[in-house]
Amino acid sequence: LAREVTAAKEPETVVVHGAGSYGHILAAKHRLHMGFENQAQLGPVAQVQRDVKALNLKVLDALLRAGARPIAIPPSTVMRFHDGTLESFDISLFREYMNREFLPVSFGDVVLDAERRFGIASGDDIVLELAKAFRPDRVIFAADVDGVYTADPKRSKDATRLDIVDARSMDRIAFADPAGSDVTGGLRGKLEKMREIAKFARDVRIVNGLARGRLEGAVKGEDVIGTRVVA
């Protein structure tokens, strides 16, 4: 994926990755997305912040090997929440690094919350704020399947891929309950956030990151196999 992002040679690109197992499992176990409930959560807050940075280092290493010039921008340094909702987001670092021809890289993280002490900023939260600020031509989500299906394609042979997801087609999707370790809303939450992102970006879509060349083509603006999400 790092090679494909780099090979696309699109200027003014930002990479945002999720926390995956590095963040979600501990965050779910200790209910970090609900904010402060007891002192026992404070150690896991520090651990999750450390773990997602460890994942971010692996992403930076891959991008460096691919010839990119990645710069990490942790959400904990630029985002503040108030009672579970975004209060402030400092976009200037992203803009300044892009102006200097670097590749900003951000990720899901634990951030400060003025009311709840701390909360979870998902990668999708970050992408939404970036889309509001930069009004991008394209926002590409890389998944491990060919797009959005009417059901889980790994479990249902009757699942069919949707070319477009809008408000009406959301009713055609048989959502499973979010996996117990996903504190950011599962696929339904992701699609709702993507539809919000689509208000500020010309083209928002999900492609299969495991299919060679698919991400590179999407970043270049080619009409590759995938699902487009519209507001």
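The values are calculated or read from the model by the stated rules, or taken from the named source; none is laboratory data. Not measured: the values here are computed from a predicted model. With ideal geometry, Cβ positions are generated from the backbone for all residues, glycine too; neighbour counts draw on all protein chains shown. Side chains included, ligands, DNA and RNA excluded: accessible areas come from the protein's heavy atoms. Shrake-Rupley method; radii C 1.70, N 1.55, O 1.52, S 1.80 Å.
Only one of the numbered conditions (1) assigned to a strand (DSSP E or B); (2) surrounded by 14 or more Cβ atoms within 10 Å (Cβ to Cβ) is violated by V52, and that is (1).
The set of residues from region 103-140 being closer than 19 Å to M34 by Cα and open to solvent by 40 Å² or more (accessible area, probe 1.4 Å) comprises L112, A114, E115, R116, R117.
Just one of (1) touching a Gly at 6+ places or on another chain (Cβ under 8 Å); (2) surrounded by fewer than 17 Cβ atoms within 10 Å (Cβ to Cβ); (3) on the phi > 0 side of the Ramachandran plot fails for A143. It is (3). One residue alone among D146, D124, D90 is within 27 Å of G221 (Cα to Cα), in contact with a helix residue (DSSP H, G or I) (Cβ under 8 Å, 6 or more places away or on another chain) and charged (D, E, K, R), and that residue is D124. Taking region 187-201 as the range and being of a type in the set (G, A, S) and at pLDDT 95 or above as the test, the residues that pass are A198, A201. Which of the following residues is of a type in the set (G, A, S) and in a helix (DSSP H, G or I): A68, A40? Being of a type in the set (G, A, S) and in a helix (DSSP H, G or I) holds for just one of A68, A40, which is A40.
Of all residues in region 12-35, at least one satisfies being within 20 Å of the chain's Cα centre (by Cα), aromatic (F, W, Y) and part of a helix (DSSP H, G or I).
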